[in-house]
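After the structure tokens below, expect a handful of questions from me.
The values are calculated or read from the model by the stated rules, or taken from the named source; none is laboratory data. Quantities reported herein were computed from a predicted structural model and do not represent experimental measurements. Here the Cβ is made from the backbone with ideal geometry for all residues, glycine too, and neighbour counts use every protein chain on show. The accessibility values were calculated without ligands, DNA or RNA, using every heavy atom of the protein model including side chains. Shrake-Rupley method; radii C 1.70, N 1.55, O 1.52, S 1.80 Å.
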Amino acid sequence: MSQEEKATVGSTTPPHKEGVAAPAYDKNDGSNTGLPATGEVHDRMNDDFWTRNGLNFKSFQKRDYGTGIVELERSMKTRHLHMIAIGGSIGAGFFVGSGGALRTGGPGSLLIDFLIMGVMMFNTVYALGELAVMFPVSGGFYTYSTRFIDPSWGFAMGWNYCFQWAIVLPLELTVCGLTIGYWDSNTSVGVWITVFWLLIVIVNIFGTLGYAEEEFWSSCIKLAATVIFMIIALVLVLGGGPSDGAYSTYQGAYRWYDPGAFANGFRGFCSVFVTAAFAFSGTELVGLAAAESRNPVKSLPGAIKQIFWRITLFYILGLFFVGLLIDYDDPRLLGQSAYADVNASPFVLVGLYAGLKGFDSFMNVVILVSVLSIGVSAVYGGSRTLTALAQQGYAPKIFSYIDKSGRPLFSVGVILAFGLLAYVNLNADGPVVFEWLLALSGLAALFTWGSICLAHIRFRAAWAHHGHTVDEIPFKAIGGVYGSWMGLFLITLVLIAQFYIAICPVEGGFNTVEGFFKSYLALPVVLFFWACGFLWKRQGWLSVDKIDVNTGRRELPWDEIHAWRAELAAMPAWKRIWHTVFV
């Protein structure tokens, strides 16, 4: 055992699984208890219940941190992190956008593309988990780009991620309004946009705990509904639907032959990647939320492992059933917007065609809960990233303001203000404006995920350069550095595929300049942010010897970690796999 390890042993708490050790003591920020710094503790102890929970005017006052570090509220529990991981990002991309993807690519492209993106996402989130357990910093993963790749690139990734969520919010509000239109087409969409915007404001009044509880319960609803859908879909595929419906006889895989498994050839195959990227957006939020959990070292690894279940059971299996039950040339899939027309949702169409009375409305309620949940996530992810940018000098200092209840007040306010862009859809030219806004965020998540993979690769290189071994890493990415290389490779392939579609659209021929930038606007936006960061900070690519792998690293009870590893090694092979991958 190294001297560094000996200095961290001696805890008397019960042993835990690898990477989920008992809270380690960090004398600078009080993270052994999940409490903030000393000055902050005294400030909060003097506040009453209403102030701590953001329910009176006093709660909006700036928190006194004393000599401590500026910290967000650490009220998120393990159950919150687990549900954010397994169901947090399931929204319009999965329930609604999959209809447009099925139309342009066919069921084969839908399944294969989501599977490829799932493999990429699996490796990316594990890489993020390894970094977040080692360095659970407020502001999340963009800071890893600053620390392990290039400060200018970190600046770009922070602003890119913040901007991505600011644009996603009005999109989700629009989908909420259109979803209500499924039942009530007479009331203006603007009325419902206002209603749901106010609901998101109310959730954010309760700060981190409001977001965590909303995500927990909405994720429970989404997951339960998806499981119910898959059970019903299996019965329908086997021909167990009502006699007056379309699925009263055995369906099997005949739709993979007629009209076919693939639509629009190679172009159709490449086009589905964008929908898959949109559907998986938000998966990385579990890493951002870790900074506001009581003990990320204990709760984060278990949450990361839930990603496997979401990708396998919900995305892959759910969309497989969709491809078995809906023709890709179904006229109803020709919605006006691939992400906003709930009438084009294959999950709704299955219930409608099956003759299951009320099932289409049930799925629309689930879609409504899902998109509202993503809207809340947009405010959370965008505001926390903007606050971290301000704290590190990459954004105006006013956005570092955190009130007595732990809310980054001005950051939340500016992201909520972006939600008002949803009203542009009420104008005749609104859809055109909205297409450009969507183009700004369409590929943004891919750059975020690629940066996480590259940051992990660079961290491992610097870790070895400074004389450390992988045995000193408490929670290791299951694919190691090779998994991150695979994730980075797949992301590069997707960006190349989308570049091809931007030039050669699915409809045929070659794209116009306007059409190209609508498909690939995220790249020049990221490059613009990177150029701004470089001109401001004048810092470039970090060499391995200049990467700091020690500052801010969490101390851990290595005696317990080694005891768990020994226990794991003594288990049968199947049990080791179960604990390593799933638990």
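Taking the stated definitions as given, is Val424 among the aliphatic types (A, V, I, L, M), surrounded by fewer than 22 Cβ atoms within 10 Å (Cβ to Cβ) and either under 22 Å from the mean Cα position of the chain (by Cα) or modelled with pLDDT under 85 (or both)?
Considered against the rule, which asks whether it is among the aliphatic types (A, V, I, L, M), surrounded by fewer than 22 Cβ atoms within 10 Å (Cβ to Cβ) and either under 22 Å from the mean Cα position of the chain (by Cα) or modelled with pLDDT under 85 (or both), Val424 comes out as yes.
Please go through the range 464-497 and give me each residue that is under 17 Å from Pro136 (Cα atoms) and either hydrophobic (A, V, I, L, M, F, W, C) or touching a strand residue (DSSP E or B) at 6+ places or on another chain (Cβ under 7 Å) (or both), ordered by number.
Residues satisfying the conditions are Ile473, Phe475, Ala477.
Continuing with the same structure: Please verify whether the range 97-105 includes one or more residues that are outside any helix (DSSP H, G or I) and open to solvent by 10 Å² or more (accessible area, probe 1.4 Å).
no
Additional query: Kindly indicate the residue of the range 481-515 that is crowded, with 17+ Cβ neighbours inside 10 Å and without any contact (Cβ under 8 Å) to a residue 40 or more places away in the chain and also nearest to the chain's Cα centre (by Cα) among those meeting that condition.
Applying the filter and picking the extreme gives Leu488.
On the given criteria, is Leu234 open to solvent by 50 Å² or more (accessible area, probe 1.4 Å), assigned to a helix (DSSP H, G or I) and closer than 29 Å to Ile311 by Cα?
In short, yes.
I need the full set of residues from the range 347-365 which are open to solvent by less than 10 Å² (accessible area, probe 1.4 Å) and more than 18 Å from Thr174 (Cβ to Cβ), in order please.
Phe347, Leu349, Val350, Gly351, Ala354, Met363
Which one of these does Leu535 not meet: (1) open to solvent by 40 Å² or more (accessible area, probe 1.4 Å); (2) over 21 Å from Trp436 (Cβ atoms); (3) assigned to a helix (DSSP H, G or I); (4) in contact (Cβ under 8 Å) with a residue 24 or more places away in the chain?
(4)
Go through Leu527, Leu490 for me and flag whichever is part of a helix (DSSP H, G or I) and over 21 Å from Ser109 (Cβ atoms).
The conditions single out Leu527.
If the requirement is being of a type in the set (A, V, I, L, M, F, W, C) and part of a helix (DSSP H, G or I), which of these qualifies: Trp183, Trp197?
Trp197
Of these, Phe410, Phe399, which one is more than 30 Å from Leu223 (Cα to Cα), part of a helix (DSSP H, G or I), of a type in the set (A, V, I, L, M, F, W, C) and open to solvent by 50 Å² or more (accessible area, probe 1.4 Å)?
Phe410
I've got another one for you. Please count how many residues of the range 318-336 are within 17 Å of Ala277 (Cα to Cα) and of a type in the set (A, V, I, L, M).
Total meeting the criteria: 1.
Taking the range 373-396 only, how many residues are part of a helix (DSSP H, G or I), in contact (Cβ under 8 Å) with a residue 40 or more places away in the chain and farther than 29 Å from Gly93 by Cα?
The qualifying residues number 1.
Further, regarding this structure: Mind checking whether some residue in the range 180-187 is within 26 Å of Val414 (Cβ to Cβ) and either touching a residue at least 60 places away in the same chain (Cβ under 8 Å) or touching a Gly at 6+ places or on another chain (Cβ under 9 Å) (or both)?
Looking for residues that are within 26 Å of Val414 (Cβ to Cβ) and either touching a residue at least 60 places away in the same chain (Cβ under 8 Å) or touching a Gly at 6+ places or on another chain (Cβ under 9 Å) (or both), one finds none in the range 180-187, hence no.
Just to check your reading of the model, which residue among Gly190, Gly252, Gly210, Gly240 is open to solvent by less than 20 Å² (accessible area, probe 1.4 Å) and in a loop (DSSP other than H, G, I, E, B)?
Gly252
Out of all the residues in the range 453-460, is one or more within 22 Å of the chain's Cα centre (by Cα) and open to solvent by 10 Å² or more (accessible area, probe 1.4 Å)?
Within the range 453-460, one or more residues are within 22 Å of the chain's Cα centre (by Cα) and open to solvent by 10 Å² or more (accessible area, probe 1.4 Å).
Continuing with this model, one more query. Collect the residues in the range 500-516 that are at pLDDT below 85 and either on the phi < 0 side of the Ramachandran plot or not in a loop (DSSP other than H, G, I, E, B) (or both), keeping them in residue-number order.
Result: Glu507, Glu514, Gly515.
Moving to a separate point now. Look through the range 552-574, keep the residues that are surrounded by 13 or more Cβ atoms within 10 Å (Cβ to Cβ), more than 12 Å from Glu472 (Cα to Cα) and aliphatic (A, V, I, L, M), and return whichever of them is modelled with the lowest pLDDT.
Selected residue: Leu568.
Here is a follow-up. Where residues in the range 461-474 are open to solvent by less than 10 Å² (accessible area, probe 1.4 Å) and part of a loop (DSSP other than H, G, I, E, B), which of them is modelled with the lowest pLDDT?
Pro474
Among the residues of the range 264-275 satisfying the criterion of being within 19 Å of the chain's Cα centre (by Cα) and at pLDDT 85 or above, which is least open to solvent (accessible area, probe 1.4 Å)?
Among those residues, the one meeting the criterion is Val272.
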